[in-house]
1. Only one of 74, 64 is among the polar types (S, T, N, Q), in contact with a helix residue (DSSP H, G or I) (Cβ under 8 Å, 6 or more places away or on another chain) and at pLDDT 90 or above. Can you tell me which?
2. Check residue 88 against each of (1) crowded, with 20+ Cβ neighbours inside 10 Å; (2) out of contact with any Phe, Trp or Tyr (no Cβ under 7 Å at 6 or more places or on another chain); (3) closer than 23 Å to residue 118 by Cα and name the one condition it does not meet.
3. Specify which of the listed residues (70, 60, 98, 48) is under 21 Å from residue 130 (Cβ atoms) and either surrounded by 13 or more Cβ atoms within 10 Å (Cβ to Cβ) or without any contact (Cβ under 8 Å) to a residue 40 or more places away in the chain (or both).
4. Return the pair list, or none, for Cβ contacts closer than 8 Å from residues in region 109-137 that are modelled with pLDDT of 75 or more to residues that are assigned to a loop (DSSP other than H, G, I, E, B) and β-branched (Val, Ile, Thr), at least 6 apart or on different chains.
5. Out of curiosity, is residue 79 of a type outside the set (Val, Ile, Thr), modelled with pLDDT of 95 or more and outside any loop (DSSP other than H, G, I, E, B)?
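The values are calculated or read from the model by the stated rules, or taken from the named source; none is laboratory data. Predicted, not measured: the structure shown is a model, and the values here were computed from it. Cβ sites come from the backbone with ideal geometry, for glycine too, and all protein chains shown count toward neighbours.
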Amino acid sequence: MTEPIHLNWQAVNDSLAKPASDTKNRAFLICPVKDHNFEDWMTVVQTLEGLGWGVHYPPLDTNQDDPVGLHICQENFAAISRADVVFIIWDGISKGCLFDLGMAFALGKRIIWIALPDWGEIEGKNWEKVIRAMQEER
């Protein structure tokens, strides 16, 4: 069972200017794929598209037919490289999300979280704190 997820639409609205109507800024949406249905995050994709973003959505836009996962990582790397911004939905479990997040961080991409698990106040280091800090630094 996954932890409750808090949506961060205010940060999306506050942090980003709406792209000009004649252009689409490119976004990559990091989200859990394994054991999820592609429809799980379609509302998020549609909302971002409504704000003028062209969204690379891995469940649909990355070929998931890869028995090892290396080609998925390579495809996601290429798409993250092309992105102007990287949004993240993380359930607190997905290792693929953390891998993609590391690539986005290494590429110096602007990272904005949309949904994270609510772990409450936890002392010390944790991934939720890291993701929130990434958003503040870029």
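1. Of the residues listed, the single one that is among the polar types (S, T, N, Q), in contact with a helix residue (DSSP H, G or I) (Cβ under 8 Å, 6 or more places away or on another chain) and at pLDDT 90 or above is 64.
2. Residue 88 satisfies all of (1) crowded, with 20+ Cβ neighbours inside 10 Å; (2) out of contact with any Phe, Trp or Tyr (no Cβ under 7 Å at 6 or more places or on another chain); (3) closer than 23 Å to residue 118 by Cα except (2).
3. 98
4. Correct list of pairs: 117/2.
5. The answer is yes for residue 79.
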